[in-house]
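**Q** Got a structure for you, questions after.
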Amino acid sequence: MAPSESRPRLGQVIGLALPIMGSMFTGIAMLIVDGIVCGHIPDNGRSLTALGFGVQIWFILDVPAAVFDVGTVALASRAHGAGDTDRVNRVVAQSAQIAFLAGAVVAVFGALMGDHLFRLLGASPEVATQGASYLKMLMIAFPASYVADGCLAPALRSVGNARLPFLCGIASNLLNAVLAYALVFGHFGLPEMGIVGAGLATAISRVASLLVMLVAIRARGVGGLIVRLRGVAIDRPIVGEILRVGLPNLVEQLTFFGSMTAFFWILARVDQTSVAAHTIGARVAGLLLVPAFGVSMATGALVGKALGAGSVDHARHLLRLSLVAVTAIMVPIALATYATSYWIAAAYDVDPGSVLEGYTVSWLHLIALSIVLQGLMLVFEGLLSGAGATRTVMKINLLANLGLRLTLAAVLALGTNLGAVGVWLSWPAALVVQLPIAFIAYRRGRWAVTGVTVAS
């Protein structure tokens, strides 16, 4: 994309964002299938409880993969925009190596510490033992998952192809559904393994997804990518750039999880029923924000490409297009969420007229307001991250999560009569401050560094 070429179009943003959204939904679908299958194990719900704890641990252990995702996109998209295919492949090779090593370290940690992690989260000894066995199976696939999700999918996104990871996700889900059914209950001549079988099915499916992705990349030559996983020496400057861009995202993610834990603590002090409502709303919000995350990720890849090609004007135009896109998508979703909040609560089997219903509906109404603002914020984060200015994103979110949101939650919940609603009000209230700060960072333009070197 040279500066003399026509400006990016809205269709480019949407065309890249849609398969990214699809990939995110396939990840969620795999967990849903595991939950459905394990829910039918006749052990009075113990397997399903163990799965619930296991999924939370899985999410936490998967956080470091974001380091390689953000770093790969920032470097590879710039190189692709500059037409430097050799640098794209060097970035991918380095990212794949360190992602694999990080995944292996996390896998060993998870396998050895699984029982302790479950007990730390409050699982009973029986559930912890069962869940740790499930987690050990998942750990088999962590090196492959880190390479696929932290390196290859971002690399493909950087060269404009998000369809391949999406298609691999669909295939992986189908394989997981069949294997989970077979290995959990002992069908098709396979052993009956219970919840351990669900973990093994997921591990096999995720490894298979990586292999299919590698074969497809090598067979089709997607975007000129050549993925080298063996015999490549560590390139310290490139590895240093990947980590410099990616590590602030890790700090941000860990801070987010920490603040979420603090919110649960505050809600538990107010009314434990509000914790159940918060869990329902958080799951709904996670699904509703998938389109915004898709647009944000597409923005990051396209902005990096524009800056690599030397056009700050195109990068700024992409931001405007993405803001329009996310507004057009999120406003109808927000209105529908507000209008159907009682139905959503009923879908979770919440008793009409109960205290839980009141909490859940109040939380859903605030979610409806917040997701539009959060969608806009994610677009600004996409631009800054795609430019490599992840330290700016980290500082803004640390201020929002710790300085604003957590403080507001504590003051409004414990110092006023708002209670749990005060905790939830802190989300849109913090965004009202966070968005102008992000806009100021954008206008200052320190992110607008062209060429293959990312912004500092």
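The values are calculated or read from the model by the stated rules, or taken from the named source; none is laboratory data. Note that the structure is a prediction, hence the values are computed from the model and not measured. Please note: Cβ atoms are built from the backbone with ideal geometry, for glycine as well, and neighbour counts cover all protein chains shown.
**Q** Look through 112, 61 and report the one residue that is over 19 Å from the mean Cα position of the chain (by Cα) and under 18 Å from residue 142 (Cα atoms).
**A** Matching residue, one of 112, 61: 112.
**Q** A follow-up question, please. Condition first: part of a loop (DSSP other than H, G, I, E, B) and crowded, with 20+ Cβ neighbours inside 10 Å. Now tell me which residues in segment 117-160 satisfy that.
**A** Result: 123, 141, 159.
**Q** Quickly run through segment 334-360 and pick out the residues that are under 17 Å from residue 283 (Cβ atoms) and among the charged types (D, E, K, R).
**A** Selection gives 349, 357.
**Q** Let me ask something additional. Is it the case, given these coordinates, that residue 67 is modelled with pLDDT of 90 or more, surrounded by 23 or more Cβ atoms within 10 Å (Cβ to Cβ) and not small (Gly, Ala, Ser)?
**A** It is false that residue 67 is modelled with pLDDT of 90 or more, surrounded by 23 or more Cβ atoms within 10 Å (Cβ to Cβ) and not small (Gly, Ala, Ser).
**Q** Listed residues 336, 345; which is free of Cβ contacts under 8 Å to residues at least 12 places away in the same chain and in a helix (DSSP H, G or I)?
**A** Checking each option against the conditions leaves just 336.
**Q** What are the residues in segment 268-310 that are without any contact (Cβ under 8 Å) to a residue 60 or more places away in the chain and in contact with a Leu (Cβ under 8 Å, 6 or more places away or on another chain), if any?
**A** 275
**Q** Tell me whether segment 252-261 contains one or more residues that are crowded, with 17+ Cβ neighbours inside 10 Å and over 25 Å from residue 415 (Cα atoms).
**A** Within segment 252-261, one or more residues are crowded, with 17+ Cβ neighbours inside 10 Å and over 25 Å from residue 415 (Cα atoms).
**Q** Identify, from the list 261, 273, 279, 255, the residue that is part of a helix (DSSP H, G or I), among the hydroxyl-bearing types (Ser, Thr, Tyr) and more than 29 Å from residue 343 (Cα to Cα).
**A** Criteria check complete, one pass: 255.
**Q** Any idea how many residues of segment 261-274 are touching a helix residue (DSSP H, G or I) at 6+ places or on another chain (Cβ under 8 Å), of a type outside the set (S, T, N, Q) and within 16 Å of residue 426 (Cα to Cα)?
**A** Matching residues across segment 261-274 total 6.
**Q** State the number of residues belonging to segment 349-394 that are without any contact (Cβ under 8 Å) to a residue 12 or more places away in the chain and assigned to a helix (DSSP H, G or I).
**A** 1
**Q** With the requirement that a residue be touching a Leu at 6+ places or on another chain (Cβ under 7 Å) and either farther than 14 Å from residue 295 by Cβ or at pLDDT 90 or above (or both), what does segment 1-27 give you?
**A** Answer for segment 1-27, where residues must be touching a Leu at 6+ places or on another chain (Cβ under 7 Å) and either farther than 14 Å from residue 295 by Cβ or at pLDDT 90 or above (or both): 10, 12, 13, 16.
**Q** Sticking with this one: Considering only residues that are at pLDDT below 85, among the small types (Gly, Ala, Ser) and under 17 Å from the mean Cα position of the chain (by Cα), which ones fall in segment 233-290?
**A** 258, 259, listed by residue number.
**Q** Report every pair of residues separated by at least 6 positions or lying on different chains whose Cβ atoms are under 7 Å apart, first residue within segment 250-267 and closer than 30 Å to residue 72 by Cβ, second of a type in the set (Val, Ile, Thr).
**A** 250/63; 250/67; 252/393; 253/63; 254/63; 257/60
**Q** When segment 108-139 is examined, which residues are found to be under 27 Å from residue 73 (Cβ atoms) and not small (Gly, Ala, Ser)?
**A** Residues satisfying the conditions are 109, 138, 139.
**Q** Count, please, the residues in segment 322-342 that happen to be closer than 25 Å to residue 6 by Cα and surrounded by 22 or more Cβ atoms within 10 Å (Cβ to Cβ).
**A** Count: 3.
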